[in-house]
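Undergrad: Following this message is one structure expressed as structure tokens.
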Amino acid sequence: MNRVISLINIIIISLIINSCQYPVDLTELPDTQQFIVIDAELTETYGSVNVNYSLTEIDAKGGYNFPTPPNASAYVLDSKGNRTDFKSNGEINFGFKGVIGETYKLYITVDGQSYESTAETMRACPELDTVSVFYTRESGRIPDDLNYDGFDVYAELTDIAGEENFYEWDWIHYEKAASCNIIMENNQEVRVPCFPSECWDITYNRRIIVQADKLRDGEPIAHKVVRVPYATPPNKYYLRVEQRAITPTVFEYLKSLETQTQNIGSQFDIPAQTQFSPNIYNVNNPSEKIIGVFSVFSSRYKVIYIDMLQEIPNARAKFIGTTLPFTSDPFASFPCVEGKYRTKIKPEGWID
């Protein structure tokens with residue numbers, strides 16, 4: 001998101017990642033002060049570690065300098081002493097397979113400084129029983145508002161009885177790319193098809209969605225995950241909903257952020273009060289403020305589709321697509337560039 005952000009209350013930092021989950025922020029700090037940024041995830045199917053420095057020389061108009069990447073190394077030890085090494089640039093290591101009930105510690109060296117995490121144990125995640133979709137009209141909005149008519153999506157589970165549990169929900173939306181470039185042709189803007197034609201745009205969850213099972217031990221739990229506008233395109237709205245069993249440390253960290261902001265995932269949308277890492281510390285300087293978190297979780301997910309062509313009494317799907325024509329050149333195309341927000345890899349469960 002490229003926009004100017006006031007520095008009266010906010011100092012922008014960069015995470016420069018593909019896998020970061022949690023927002024971070026700085027407040028009332030000198031523009032030249034720099035922080036180490038460490039974000040790490042361990043799951044049943046992968047692990048990743050990302051290490052960087054915050055932005056420097058930030059000015060009131062939003063200008064900044066990218067930091068020089070640190071010389072960093074990272075590894076994880078389980079309770080039996082088994083070691084797994086990770087690249088420190090956020091690259092996902094699919095060779096790592098976390099085990100429910102196992103305890104892990106993170107060890108990182110950054111430019112000669114040693115950092116460790118507290119021990120975090122992977123908790124069991126109950127099945128994501130159902131992802132339910134309900135049409136509603138938000139009467140507090142004006143009819144032209146995109147979310148006036150829409151679908152509320154709920155994740156439903158049965159809590160694991162006899163223990164304190166902490167849940168987080170996430171989602172991701174894939175949509176076929178309408179085109180991969182816009183050019184001028186005969187004094188008008190036209191779209192250029194993607195090459196290859198199988199190309200998807202990616203939209204991520206940008207909100208913190210957490211809940212503890214307090215007073216709900218062993219009972220069914222339903223939690224709203226997202227509201228999807230009743231709009232086309234697409235005609236079929238792809239949604240992958242993930243449910244996570246997180247540790248108490250990460251839950252408290254996220255709850256504290258939830259009270260300050262609901263923006264998540266952007267390197268520019270920074271909350272007004274920084275929450276420094278609750279479980280990563282400098283071995284030789286424990287007072288050092290570190291940004292990021294070591295998150296260990298198991299998860300379950302479901303893929304659903306919402307039919308945007310369904311007939312709903314007294315409601316009509318809004319059109320949010322482009323009306324720009326395609327180029328008249330039958331040989332023109334533009335590459336589908338693999339990245340955080342676009343992919344050539346068909347999403348799991350995709351239906352044309």
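The values are calculated or read from the model by the stated rules, or taken from the named source; none is laboratory data. Since this is a predicted model, take the numbers as computed values, not measurements. No Cβ is skipped: glycine too gets one built from the backbone with ideal geometry, and neighbour counts run over all protein chains shown. Accessible surface areas use protein heavy atoms only, side chains included; no ligands, DNA or RNA. Shrake-Rupley method; radii C 1.70, N 1.55, O 1.52, S 1.80 Å.
Undergrad: With a 1.4 Å probe and all protein chains in place, put Glu288, Glu168 in order of accessible area, largest first.
TA: Greatest to least solvent exposure: Glu288, Glu168.
Undergrad: Grab the other residues whose beta carbon is less than 15 angstrom from that of Asp329, score K and R as +1, D and E as -1, and report the net.
TA: -1
Undergrad: Hey, can you rank 291-300, 109-118, 246-255 by average C-beta count inside 10 Å, highest first?
TA: By packing density, highest mean first, the sequence is 291-300, 246-255, 109-118.
Undergrad: Here is a further query. Residues with beta-carbon under 15 Å from that of Asp217, excluding Asp217: net charge, scoring Lys, Arg +1 and Asp, Glu -1?
TA: Local charge sum for Asp217: -2.
Undergrad: Give me the one-decimal nm value for the distance between modelled label points at Val337 and Asn89, 7 Å along each residue's Cα-to-Cβ direction.
TA: Output for this residue pair reads 1.6 nm.
Undergrad: Placing one identical point scatterer on every Cα of segment 272-352 and ignoring solvent, what is log10 I(q)/I(0) from the Debye formula at q = 0.13, 0.17, 0.18, 0.19 Å⁻¹?
TA: Listed by q, the Debye log ratios stand at -0.91, -1.05, -1.08, -1.12.
Undergrad: Could you calculate the contour length gain from Tyr107 to Asn82, that is, 0.36 nm times the residue separation minus the distance between their Cα atoms, to one decimal place in nm?
TA: 7.7 nm
Undergrad: List the equivalent ellipsoid semi-axes of segment 92-192 in whole Å, largest first, each obtained as the square root of 5λ for an eigenvalue λ of the Cα gyration tensor.
TA: After diagonalising the Cα gyration tensor, the semi-axes are 41, 29, 14 Å.
Undergrad: For Asn93, what charge total do you get from the other residues with a beta carbon under 9 Å from its beta carbon, if Lys and Arg give +1 and Asp and Glu give -1?
TA: Counting the neighbours of Asn93, the net charge comes to -1.
Undergrad: Quickly rank 122-128, 215-221, 97-103 as a protection proxy: mean count of other C-beta atoms within 10 Å, highest first.
TA: Highest to lowest by the protection proxy: 122-128, 97-103, 215-221.
Undergrad: Between Phe195 and Glu163, what FRET efficiency comes out of the Förster formula 1/(1 + (r/R0)^6) with R0 = 35 Å and r the beta carbon distance, rounded to 0.05?
TA: 0.10
Undergrad: Tell me, what is the FRET efficiency for Glu311 and Asn186 to the nearest 0.05, using R0 = 56 angstrom and their Cβ-Cβ distance as r?
TA: Computed FRET efficiency for Glu311 and Asn186 comes out at 0.90.
Undergrad: Let me ask you something else. Compare the peptides 305-317, 193-205 by average per-residue count of other Cβ atoms within 10 angstrom and give them in order, highest first.
TA: 193-205, 305-317
Undergrad: Using a 1.4 angstrom probe with every protein chain in place, what is the largest-first accessible-area order of Leu239, Leu324?
TA: Leu324, Leu239
Undergrad: May I ask for the distance between the Cα centers of segment 308-351 and segment 233-258, given as a whole number of Å?
TA: When both Cα centres are located, 25 Å separates them.
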